[in-house]
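Nothing in this text is a laboratory measurement; each read-out follows from the coordinates by a stated rule. Since this is a predicted model, take the numbers as computed values, not measurements. Positions of Cβ are backbone-derived with ideal geometry, glycine not excepted, and every protein chain shown enters the neighbour counts.
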Amino acid sequence: MTIRAGRFAADFSGPLVVFIIGMRINHFHKFRKWLPVARSMQPMIEELSRNPDSGFLGAETLRQGFRTVLLVQYWRDFDSLEAYARDRDQLHMPAWTAFNKAIGNDGTVGIFHETYTVQAGQYETIYGNMPPFGLGKVAGLVPATGSRQQARARMKVTAE
């Protein structure tokens, strides 16, 4: 990835949903259990990326050590995220069903998600000397100049 020298902010100003989803490998030697789980997310991201009407804005994949993989996803709204999760004609529902059938509560693979709805003006971004990342990767970058120089101005929060 090409590093963008300087200070930038995400070129995004609307409301959004941040959805963090991931898995933790609890038993490395049971790769037949965790490998299908690990392989299931990328096809879903590709499916969502092909459909601009899905409400999916983009994602960033991160790892924490050797055991945990997570995706930070950005969505236009919660209704879009929920519609995808419940749609039996999309890849998520069959993957979720397969997980419950193969893993359930046996402890070999941990899964998690956190969902945050964020109103416009209630988040801020800054990227210094970075390749496009996170919301900036999803929405594009603009120079952090003027009011973009200070976190409070980017947040559109007033002092109390």
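One Cα centroid belongs to the range 1-51, the other to the range 90-145; the line between them spans 6 Å. With a Förster radius of 22 Å applied to the beta-carbon distance between Arg63 and Asn105, the computed FRET efficiency rounds to 0.35. Shown in residue order for the range 133-144 are the 3J(HN,Hα) couplings computed by the Karplus curve 6.51 cos²θ - 1.76 cosθ + 1.60 at θ = phi - 60°: 8, x, 4, x, 5, 6, 9, x, 10, 10, x, 8 Hz (x for Gly and Pro).
Helix 31-49 axis versus longest C-alpha principal axis of the chain: approximately 40°, rounded to the nearest ten.
The calculated FRET efficiency for Val142 paired with Phe31, based on their beta-carbon distance and R0 = 25 Å, is about 0.05. Less than 5 angstrom separates the built amide H of Leu57 from those of Tyr74, Trp75, Arg76, all sequence-distant by 5 or more or on a different chain. Helix 92-102 axis versus longest C-alpha principal axis of the chain: approximately 40°, rounded to the nearest ten.
A simple rule links phi to the HN-Hα coupling: the Karplus curve 6.51 cos²θ - 1.76 cosθ + 1.60 with θ = phi - 60°, which for the range 68-78 gives 10, 10, 9, 10, 9, 10, 10, 10, 5, 6, 5 Hz, with x for Gly and Pro. Placing unit charges on the Cβ atoms of the charged side chains and taking the dipole of the range 16-118 about its Cα centre, the candidate lying farthest along the positive direction among Ser40, Phe28, Ala95 is Phe28.
Each residue, His113 and Ala151, gets one label point 7 Å from its Cα in the Cβ direction; the gap between the two is 2.9 nm. In order along the range 110-120, the Karplus-derived 3J(HN,Hα) couplings, from 6.51 cos²θ - 1.76 cosθ + 1.60 at θ = phi - 60°, round to x, 10, 7, 8, 9, 10, 10, 9, 10, 6, 4 Hz, and Gly and Pro are given as x. If R0 is taken as 35 Å, the Cβ-Cβ distance between Trp96 and Arg7 corresponds to a FRET efficiency of 0.30. Residues of the range 97-126 with backbone nitrogen within less than 18 Å of a virtual label 7 Å along the Cα-to-Cβ line of Arg86, please, listed as ranges. Once the point is set 7 Å along Cα→Cβ of Arg86, 97, 115-117 turn out to lie under 18 Å by backbone N, inside the range 97-126.
For the chain, a simple Cβ point-charge model (Lys and Arg +1, Asp and Glu -1, everything else neutral) yields a dipole of about 640 debye relative to the Cα centre. Given the alternatives (i) 22.8; (ii) 15.8; (iii) 17.4, Kirkwood radius over Cα pairs in Å as computed for this entry is given by (iii). Each of Ser49, Ser80 was scored by other Cβ atoms within 10 Å of its Cβ. Arranged with the fewest first, they read Ser49, Ser80.
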